[in-house]
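See below for the structure under consideration.
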Amino acid sequence: MRGGGIAYADEGPYERDDLGVLWKRVGISPGKGRPEFGNVHFLRQRRAMRRLLCQICGGPSDRTDDGTLWVVGEDADEPELHKPGFVTTHPPLCVPCAVTSVGACPHLRKRHVALRVRAFVPAGVHAAVYDAGGVAFESWRLGWVLASQLIMEFQEFTVVDLEAEHAAYLKRAEARGRVSGGPPDHH
């Protein structure tokens, strides 16, 4: 324990973020293994949230004038989904990975909503405080958490049709291919 919080006995410089939050340790093996749906890789999740990278391929998430693409495992008629303040621990996606994930992920096959999010802020962390739950960045308990996921709060967003997003993406990719003279890129 260190000055009003928890710490690793052998804590390294990269185990806390810029707010002093202690993060759960996790192994790093890029490109190894298979997707483990529901088992979040904490470092990859935090990096994707902070840099707005696709949670699947690690490339740039899809961003248009309408906002950044997110897919959440909710019903479209969920009341909380239609007002500012909706929070998620799921990073954004690129369109190809979004289309693939709604077919491959057991949770998303049951229900999902695609969103174009124009305004969002990191709002807290999902962490163990020895009473699991979310902790806001303003909380006095922040020094006592072992964080595992970054929470993003959506402030301004629109529900969108993922099939229409995919069609628009393919048109953009085709146009880029015509301009560059090469085949369309994945991103």
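The values are calculated or read from the model by the stated rules, or taken from the named source; none is laboratory data. Because the structure is a prediction, the values reported are computed rather than measured. Note that we place each Cβ from the backbone using ideal geometry, even for glycine, and neighbour counts take in every protein chain shown.
Counting only residues that are at pLDDT below 90 and either β-branched (Val, Ile, Thr) or touching an Asp or Glu at 6+ places or on another chain (Cβ under 8 Å) (or both), how many does the range 97-110 have?
Residues flagged as at pLDDT below 90 and either β-branched (Val, Ile, Thr) or touching an Asp or Glu at 6+ places or on another chain (Cβ under 8 Å) (or both) within the range 97-110 amount to 0.
Going by the structure shown, is residue 118 among the basic types (Lys, Arg), modelled with pLDDT of 85 or more and within 22 Å of residue 57 (Cβ to Cβ)?
no
Identify the residue in the range 24-60 that is among the hydrophobic types (A, V, I, L, M, F, W, C) and at pLDDT 85 or above and, among all such residues, is farthest from residue 87 (Cα to Cα).
Ranking the candidates gives 57 first.
Which of the residues spanning the range 62-96 are in a helix (DSSP H, G or I) and either touching a residue at least 12 places away in the same chain (Cβ under 8 Å) or within 14 Å of the chain's Cα centre (by Cα) (or both)?
Those that are in a helix (DSSP H, G or I) and either touching a residue at least 12 places away in the same chain (Cβ under 8 Å) or within 14 Å of the chain's Cα centre (by Cα) (or both): 81, 82, 95, 96.
Sort through 117, 125, 99 and tell me the only one that's assigned to a helix (DSSP H, G or I), among the aliphatic types (A, V, I, L, M), surrounded by 18 or more Cβ atoms within 10 Å (Cβ to Cβ) and touching a residue at least 40 places away in the same chain (Cβ under 8 Å).
The unique qualifying residue is 99.
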